[in-house]
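**Student:** What follows is a structure written as structure tokens; I'll ask about it next.
The values are calculated or read from the model by the stated rules, or taken from the named source; none is laboratory data. Because the structure is predicted, anything quoted here is derived from the model rather than measured. Using ideal geometry, Cβ is built from the backbone for each residue, glycine included, and neighbour counts are taken over all protein chains shown. We work out accessible area using only protein heavy atoms, side chains counted, and drop any ligands, DNA or RNA first. Shrake-Rupley method; radii C 1.70, N 1.55, O 1.52, S 1.80 Å.
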Number of protein chains: 2
Amino acid sequence: MFDFTPNPTFGPLQNPDLKVPTAAMDAQPETIIVGAVIDAISEQRLPAGAKLGEQALSVLFNCNRANVRRALAALEAKHVVELRPNRGAFVAAPSADEAREIFQARRAIERTIARQAVKRIDADGIARLKASIAAENLARSRRDKPAELRSSQNFHMLLAELAGNRVLQRFLAELTMRSTLILGMYAREGHSCAHCDDHTGIVDALIARDEALVLDLTDRHLRRLEAELDFERPVAVTVSLKDQIFGS
Amino acid sequence: MFDFTPNPTFGPLQNPDLKVPTAAMDAQPETIIVGAVIDAISEQRLPAGAKLGEQALSVLFNCNRANVRRALAALEAKHVVELRPNRGAFVAAPSADEAREIFQARRAIERTIARQAVKRIDADGIARLKASIAAENLARSRRDKPAELRSSQNFHMLLAELAGNRVLQRFLAELTMRSTLILGMYAREGHSCAHCDDHTGIVDALIARDEALVLDLTDRHLRRLEAELDFERPVAVTVSLKDQIFGS
DNA sequence: TCAACATATATTGTTAACAATCAATGTCAA
DNA sequence: TTGACATTGATTGTTAACAATATATGTTGA
């Protein structure tokens, strides 16, 4: 009757790391699920359009469906998943238009953050930023894509933390997460990822407290990221076994 | 046993308008509740700290508790309510620190929006902005505080719409809503509300397409609003019968 | 071979009953 | 009167069963 055969669309979620999301585990199943799904998306283990079945999640996280439903409602409010009535929950698949708006919003917010960061940067902050870049380089040399993505996002979130505004921090967290989703959907074949050097340049400009340069580099960095997208090529958003075997 | 005596903290929610929130009714109880609560907060019918009991909401909206719980989870994700385990849901009560961060974020986002709006403004947009100001003035002359608040927020949201970025639009919606909450908590006695003229000035600057002036006026407008706050005076956040009778 | 239809299975949505927890009231002794 | 303690009632949290819906499978007829 009910023999939960590992759902192929869920392979990534079985990563043991998942049950210990970045947010401290406060024993509330809803929070754990939300954190785990966000982490999985941030590291591109969960692709856009992936189905998040209620039973699958309740088995994975050892909780009842009521908690799963609450988690999915919260994720929908954060624009992380889309809830289609009587169909279920799916990882959000931003359209080309949404993608452009998300990147535009990112530039606006990261500029503000950069301006604050220049004012408030200190030795400790510099050290943490450099450590983040080092971690990113290490991950890339090891061809560990999830770790690389995590580090790259971490760099931007560190800047937001240094800016000292938790509201903007949260907004940026949403935008970086959705950016990862967008890159997964629209990234060109073999996109360079050369933007890593950009981070080093930004830190140098921060050390020099050159506001104009920091703003310019931040803006260019984000535009370069967006330029790597290809909205022409149609993207598969529905991840089903059939699509995975026979392609789009 | 169960005789739901109208909860005093819920008086405002019995406003018939509430069942038809701004978002079109799509028959999903969760969405309706979320919209109604946000509207009620935006018009200062629901104060910070007000308790949102599950049974009370399920009776008000004719739905089961499961849907109420989903709605509350969504509202928590939007930072509209705070969910205290085993205690219930309460309208968020931003601290002084949070308030400052929210207003700082607002200035950052509204500046970006204003810059875009200057570029994209047209005759239709001007007309709608002027209509919004007229509605605000009318509401004030009628001493209809909820309508005045709604119109004032509407002006800012109209600008965001004109800017043409739905992400920033959503961010600003959250921030204006929380601003209303903050004003309800920390506003000085008899605060002027003279900022209404600011709106007229901004529209004039928009017509002239004077970007620098628009940015300056927007920034001043928001700082003036923030200056009307008094964080020293302690604020009652827990709305209970006792507090209402004996004061804070 | 293919399309349309009917059936079966799985998934989501709803409801009610029960358990656990908290707030309030009442009692009693110091 | 006041403080600690026990009890009561109300509220939140959990669970399981059931209903409604959608998806997948299988069948039939051209």
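**Student:** For B:Ala92, what residues show an amide H to amide H distance below 5 Å, using hydrogens built from the backbone and excluding near sequence neighbours?
**Tutor:** Answer set, sorted by chain and number: B:Gly49, B:Val81, B:Glu82.
**Student:** Further question on the same structure: How many Å² of accessible surface get buried when A and B come together, counting both sides, probe radius 1.4 Å, rounded to the nearest 100?
**Tutor:** By this definition, chains A and B bury close to 2600 Å².
**Student:** While we're looking at this one, here's another question. Treat each spin label as a single point 7 Å out from the Cα along the C-beta direction, and report the B:Glu211 to A:Thr200 distance in nm.
**Tutor:** 3.4 nm
**Student:** As a quick test, which of the pairs B:Lys119/B:Lys145; A:Lys78/B:Lys51; A:Lys51/A:Lys145; B:Lys51/B:Lys78; A:Lys51/B:Lys78 have an alpha carbon distance above 25 angstrom in this structure?
**Tutor:** With Cα atoms farther than 25 Å apart: B:Lys119/B:Lys145.
**Student:** While we're on this one: Taking 0.36 nm per residue of separation and subtracting the Cα-Cα distance, what length does fully extending A:Ala127 through A:Asp230 add?
**Tutor:** So the extension gain works out to 33.5 nm.
**Student:** What gaps in nm, shortest first, separate B:Glu228 from its twins in the other copies when you place the label 7 Å past Cα toward the beta carbon?
**Tutor:** Reported distances to equivalent positions: 4.7 nm.
**Student:** A:Asp210 label points, 7 Å along Cα→Cβ, one per copy: pairwise distances from this copy to the rest in nm, shortest first?
**Tutor:** Result for A:Asp210, in nm, nearest copy first: 3.5.
**Student:** Given label points at 7 Å from Cα along Cα→Cβ, what nm distances, shortest first, separate A:Asp197 from the same residue in every other copy?
**Tutor:** From this label point to the equivalent ones elsewhere in the assembly: 5.6 nm.
**Student:** List, by residue number, every residue in region A:92-140 with a reduction of 50 Å² or greater in accessible area between the chain on its own and the complete protein assembly, 1.4 Å probe.
**Tutor:** Buried-area filter returns A:Glu101, A:Gln104.
**Student:** In region B:60-77, which residues become less accessible by 30 Å² or more once every protein chain is in place, relative to the chain on its own, using a 1.4 Å probe?
**Tutor:** B:Arg69, B:Arg70, B:Ala73, B:Ala77
**Student:** From the phi of every residue in region B:205-215, what ³J(HN,Hα) in whole Hz does the Karplus formula 6.51 cos²θ - 1.76 cosθ + 1.60 yield, where θ is phi - 60° and glycine or proline is x?
**Tutor:** Once θ is set to phi - 60°, the couplings for region B:205-215 become 5, 5, 4, 6, 6, 8, 4, 4, 5, 4, 4 Hz.
**Student:** Follow-up question, since we're still on this one. With the crude spin-label approximation of a point 7 Å out along Cα→Cβ, what separation in nm comes out for B:Ala27 versus A:Arg143?
**Tutor:** 5.3 nm
**Student:** Next up: Kindly state, as a whole number, the per residue volume in cubic angstrom of the convex hull around the alpha carbon atoms of region A:96-227.
**Tutor:** Convex hull of Cα atoms, per residue: 92 Å³.
**Student:** Find, among the trypsin sites (Lys or Arg not before Pro) in region A:28-101, those assigned to loop by DSSP (not H, G, I, E, B) with at most 10 other beta-carbon atoms within 10 angstrom.
**Tutor:** A:Arg87
**Student:** Here's another thing I want to ask about it. State the Cα centre-to-centre distance between region B:195-219 and region A:91-116 in whole Å.
**Tutor:** For region B:195-219 versus region A:91-116, the Cα centre distance is 25 Å.
**Student:** Find the accessible area per residue for region B:96-227; the probe is 1.4 Å, ligands and nucleic acids are left out, and the unit is Å².
**Tutor:** Averaged over the residues of region B:96-227, the accessible area is 44 Å².
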